1. If we count other beta carbons within 10 Å of each Cβ, what is the order of 323, 244, 249, 345, fewest first?
2. Please list, in order, the residues from the stretch 349-385 whose amide nitrogen is less than 16 Å from a point placed 7 Å along the Cα→Cβ vector of residue 297.
3. Which of rounded, prolate, oblate describes the stretch 390-512, given a ≥ b ≥ c as roots of the alpha-carbon gyration tensor eigenvalues and a/c under 1.5 marking rounded, otherwise prolate only if a/b is larger than b/c?
4. Taking other Cβ within 10 Å of each residue's Cβ, how do 64, 412 sort, fewest first?
5. Using Cβ counts within 10 Å as a stand-in for footprinting exposure, how do 23, 423, 98 rank, fewest first?
6. Report the semi-axes of the equivalent ellipsoid for the stretch 321-420 in whole Å, largest first, where each axis is √(5λ) for an eigenvalue λ of the Cα gyration tensor.
7. Which semi-axes, in whole Å and largest first, does the equivalent ellipsoid of the stretch 401-463 have when worked out from the alpha carbon gyration tensor as the square roots of 5 times its eigenvalues?
């Protein structure tokens, strides 16, 4: 199973070290696509041309699955980034137009057609007066929809026509079929319609299938799982059965041996690697601060016990962590944008630690205490759901209710501020009733007028995956802080939730001080 890559797993000089490898081609082709993508993202696309030139088309397609698609908000459908594809074409052509053409052939007609129609339109003949950015290749008139990367497009299409004429013809026929143009009376281009969305939908569908086989979670699946996880009934006599979506994920995932030797299921795990012989787990995130590790001490202790006892179960728990981290990447936001891989993994571990601290004691068979071997028999997906439910009820809903209660009991001399506060209270009540307190995050700007540090803290607490400021954990919450800190941590234990409760109790004094 493919796990998420970790930003901390690649040293700053990873590219230089790779380029010094004696058999560079073999080393590059042994890289998992997510590791190759992380290398490109860390070192820069322009700096990685020598590595990209040695990658296989299959590797690059999976890298493209990660690099060329993005969504405006977590949970929304991801869209193809035509500009980024143009940048890739420029790098490939710089390596060599002939090699770039070979790479495109390996990516397939469907993908190349969908990508090219974002850059050009193709017709059999435009007449004597063609647009400025246009050319004739293989009897086809090609003109730019966007000026960026035009030279690279022309170079690679020219090379395709010369070296791979059948492939070039197939791409051109499909491009012509989706190019619908009108020409004015003077024979000049008047307008061009967008390519048929079905072509890109087919490419996106192929990508989704590859990603699901590799262990990724689609945005709809992620949102459904997170929504379900806010409604766990902890008072039930026993832990719930695994939900259908998660069952389907682990049933259908591709469990064939990795085609990239040297990688295992725990490669992206913050707990190190396990084996059948029970090798000891490495510490969580070696670069993390001591206080961060201590906040996750229960999770570390129980995962250590799994590693010591059963390597296969340890690998399974790491697969579950990868699934949970993928859920957060696909369906949740952090710091006003999508999760990156490293933060998603740390957030998943933190929520699991919170779930362990709040595991219902009536679900235990013994004396009401979690045994050290608890995670040998208990999956982390349910543990996460307990933690997510706690975050939803004791942080998200609690903060929204408390903020509404605080503001509704206050009066403000400035009429505009008073009106904005009144509107915010209405929204807060609606969001609490709907069970979506995170939607208030973008509506609390008025609090910034009253006290900016409190507003910043509230934005973190009202996130879909709440965070608390690290400095505030070392200060009295009622004390006024003169600056806004961006140094935050995920909520991993009841100690932090107690801080949240104390912060909200001191909020009225902060807003009127």
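1. Values: 323 25, 244 10, 249 22, 345 28.
Ordered from fewest to most neighbouring Cβ atoms within 10 Å, 323, 244, 249, 345 come out as 244, 249, 323, 345.
2. Taking a point 7 Å out along Cα→Cβ of residue 297, the residues of the stretch 349-385 whose backbone N falls under 16 Å are 353-354, 356-358, 370, 372.
3. Note, shape of the stretch 390-512 comes out oblate.
4. 412, 64
5. Working: 23 9, 423 12, 98 16.
Result, fewest neighbours first: 23, 423, 98.
6. Details: eigenvalues 256, 84, 12 Å².
Semi-axis lengths for the stretch 321-420 are 36, 21, 8 Å.
7. Details: eigenvalues 64, 39, 16 Å².
In descending order the semi-axes read 18, 14, 9 Å.
No value in this document is a laboratory result; all are computed from the given coordinates. Because the structure is a prediction, the values reported are computed rather than measured. Note: ideal-geometry Cβ built from the backbone for every residue, glycine included; neighbour counts use all protein chains shown.
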